[in-house]
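What follows draws every value from the coordinates through simple rules; no lab data is involved. Source: prediction; values computed, not measured. Counting neighbours? That spans all protein chains shown, and the Cβs are built from the backbone with ideal geometry, glycine included.
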Amino acid sequence: MEQKAPRSEREKGTLYVCSTPIGNLEDVTLRALRVLREVALIAAEDTRRTRNLLRHYGIATPITSFHAHNEAEKARYILSRLLAGDDVALVSDAGTPLLSDPGLTLVQAAIDAGVHVAPVPGPSALLAAAVASGFRLHPLYFGGFLPRQRSARLKALQSVAQLDATLAFYEAPHRLVEMLEEVAAVFPQRRVAVARELTKLHESVLWGTAGELAVHYTKKPPKGECVVLIEGPAAAEVQPGEPSDDVVRSELEKALDSGLSKKDAVKEVAQKLGVDKKRVYRIAIAHPPQRA
Ligand code: SAM
């Protein structure tokens with residue numbers, strides 16, 4: 001077992017892997033702010049975005065760019081600073097570095113060189129979306145971004161189809177519909193949540209089958225970044241004797257047409273069909289454009 005030497009006995013600096021907000025600038029820890037203020041250098045994926053954060057908190061630490069295209073070369077420079085005794089903070093564009101963001105090369109090089117790597121935990125879109133989905137989170141599989149090519153995406157989805165786990169993927173808004181259509185091809189029955197613009201003004205989470213959500217976002221193209229969660233197979237099965245989503249939806253439409261508010265319609269349909277209110281609510285909000 002390896003132990004960290006006391007600070008006074010170490011000549012090398014520490015590499016702090018520091019989480020920063022995914023939208024709302026208030027989502028930063030007190031420790032992250034102190035570390036960002038005290039280190040000799042901040043290695044930032046997007047210097048403009050990091051400067052905004054630093055300006056907001058009155059921090060004047062020097063910044064150097066560190067992104068996917070200069071990672072190998074910059075890792076050598078940062079390592080040389082760490083070996084010379086400087087503390088360095090690694091931050092990404094948003095959230096936690098290394099989670100679909102650069103930094104792995106640097107962290108591995110630091111570990112190999114005997115530099116202490118200290119995580120400074122905080123926001124990540126993955127965990128924010130996971131807890132907002134209401135899906136079971138043990139086990140939780142994180143797939144990052146799916147491959148861009150359609151056949152490779154389908155293959156990647158099929159490779160995790162047998163897992164009894166909630167599946168989480170990052171996706172860009174302009175590829176969301178296409179991705180949902182592919183999710184629908186592999187997981188036609190499962191409940192899916194799309195968590196968008198988390199911690200920002202237009203934060204939203206929508207639930208439905210992937211097919212329903214694809215239809216919704218075709219009509220209303222999404223803006224902002226999103227995380228797609230696919231519920232595990234056990235939870236996705238409708239309990240024996242329970243009505244299908246189509247039956248619930250048709251009852252909901254009748255209730256809404258009769259003039260009930262969405263809240264009352266959900267309550268009435270849940271009672272009438274003997275179905276969990278949360279399920280009826282999720283089906284109801286998968287169709288926001290048709291009803292108020
Ligand atoms: N390292 C980051 C983290 O810890 O979440 C993620 C970086 S990855 C390059 C960017 C992706 O994260 C986006 O395409 C989107 O899928 C997700 N994301 C980032 N911010 C988000 C937000 N505010 N709401 C929803 N998803 C977000």
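Under a point spin-label approximation (7 Å from Cα along Cα-to-Cβ), what is the L154-D257 distance to one decimal in nm?
3.7
With just the Cα atoms defining each centre, how far is segment 7-76 from segment 78-142? Give it in Å.
If you average the Cα positions of each part, the centres end up 11 Å apart.
Extending each Cα 7 Å along its Cβ direction at A161 and H67, get the distance between those two points in nm, one decimal.
In this crude label model, A161 to H67 measures out at 3.7 nm.
Would you pull out the residues with amide H under 5 Å of L146's amide H, same chain only if 5 or more places away, H placed 1.01 Å from N?
Distant-sequence amide H within range of L146: Y170.
Would you list, by chain and number, the lysines whose Cα falls below 29 Å from the Cα of K254, excluding same-chain residues fewer than 8 positions away?
Straight-distance partners of K254: K219, K220, K262, K263, K267, K272, K277, K278.
Can you order the peptides 50-57, 23-30 by their average number of other Cβ atoms within 10 Å per residue, highest first?
On the way: 50-57: 15.6, 23-30: 14.1.
Sorting 50-57, 23-30 by mean packing, highest first, produces 50-57, 23-30.
Assuming 0.890 mPa s and 25 °C, estimate D for the chain with Stokes-Einstein, Rh taken as the Kirkwood radius over Cα pairs, in µm²/s. Numbers along the way, then the final one.
Details: Rh = 21.3 Å.
Approximately 115 µm²/s, per Stokes-Einstein.
Straight-line reach from K12: which lysines have Cα under 26 Å away, leaving out those fewer than 8 places along the same chain?
Of all the lysines, those that pass the test against K12 - Cα under 26 Å, at least 8 places apart if same chain - are K4, K74.
What order do you get for 208-215, 77-84 when each peptide is scored by the mean count of other beta carbon atoms within 10 Å, highest first?
Numbers: 208-215: 21.4, 77-84: 17.5.
The densest-packed peptide leads the list: 208-215, 77-84.
Local charge sum around G23 (other residues, Cβ-Cβ under 12 Å, Lys/Arg +1, Asp/Glu -1)? Please report the intermediate quantities before stating the final value.
On the way: positive: R49, R196, K200; negative: E26, D27, D93, E197, E203, E225.
Result for the neighbourhood of G23: -3.
Helix-derived [θ] at 222 nm for the chain: sum -39500 (n - 2.57) over DSSP H runs of at least 4, divide by residue count, nearest 500?
Working: 12 runs with 119 residues, N = 292.
Theoretical 222 nm ellipticity from helices: -12000 deg cm²/dmol.
May I ask for the angle, rounded to the nearest 10°, between helix 210-219 and the longest principal axis of the chain, with both axes built from Cα atoms and the value confined to 0 to 90°?
Approximately 90 degrees, to the nearest ten.
Two decimals is fine: what's Rg over Rh for segment 13-54, C-alpha atoms, Kirkwood radius as Rh? Write down the numbers at each step before the final one.
Details: Rg = 10.0 Å, Rh = 10.9 Å.
Ratio of gyration radius to Kirkwood radius: 0.92.
In whole Hz, with x marking every Gly and Pro, tabulate ³J(HN,Hα) for segment 93-102 from phi via Karplus 6.51 cos²θ - 1.76 cosθ + 1.60, θ = phi - 60°.
Those phi angles translate into 3, 7, x, 9, x, 6, 7, 6, 9, x Hz.
May I ask you to evaluate 6.51 cos²θ - 1.76 cosθ + 1.60, the Karplus curve with θ = phi - 60°, for each residue of segment 178-195 and list the ³J(HN,Hα) values in order in whole Hz, giving x for glycine and proline?
Computed from phi, the couplings for segment 178-195 are 4, 5, 5, 5, 6, 4, 5, 5, 8, 10, x, 9, 6, 6, 10, 10, 10, 9 Hz.
With the Cα gyration tensor of segment 9-120 in hand, convert its eigenvalues to equivalent ellipsoid semi-axes via √(5λ) and list them largest first in whole Å.
Values: eigenvalues 87, 46, 29 Å².
For segment 9-120, the ellipsoid semi-axes come out as 21, 15, 12 Å.
How would you rank 64-72, 220-228, 186-194, highest first, on the average number of other Cβ atoms within 10 Å across their residues?
Details: 64-72: 14.6, 220-228: 17.9, 186-194: 21.1.
Ranking, from highest mean packing down: 186-194, 220-228, 64-72.
Relative to the longest principal Cα axis of the chain, at what angle does helix 245-257 sit, 0 to 90 degrees, rounded to 10?
Approximately 70 degrees, to the nearest ten.
Taking only the Cα atoms of segment 61-196, how large is their convex hull per residue, in Å³? Don't jump to the answer; show the numbers that get you there.
Details: hull volume 20.2 nm³, N = 136.
Spelled out: Cα convex hull of segment 61-196, divided by residues, is 148 Å³.
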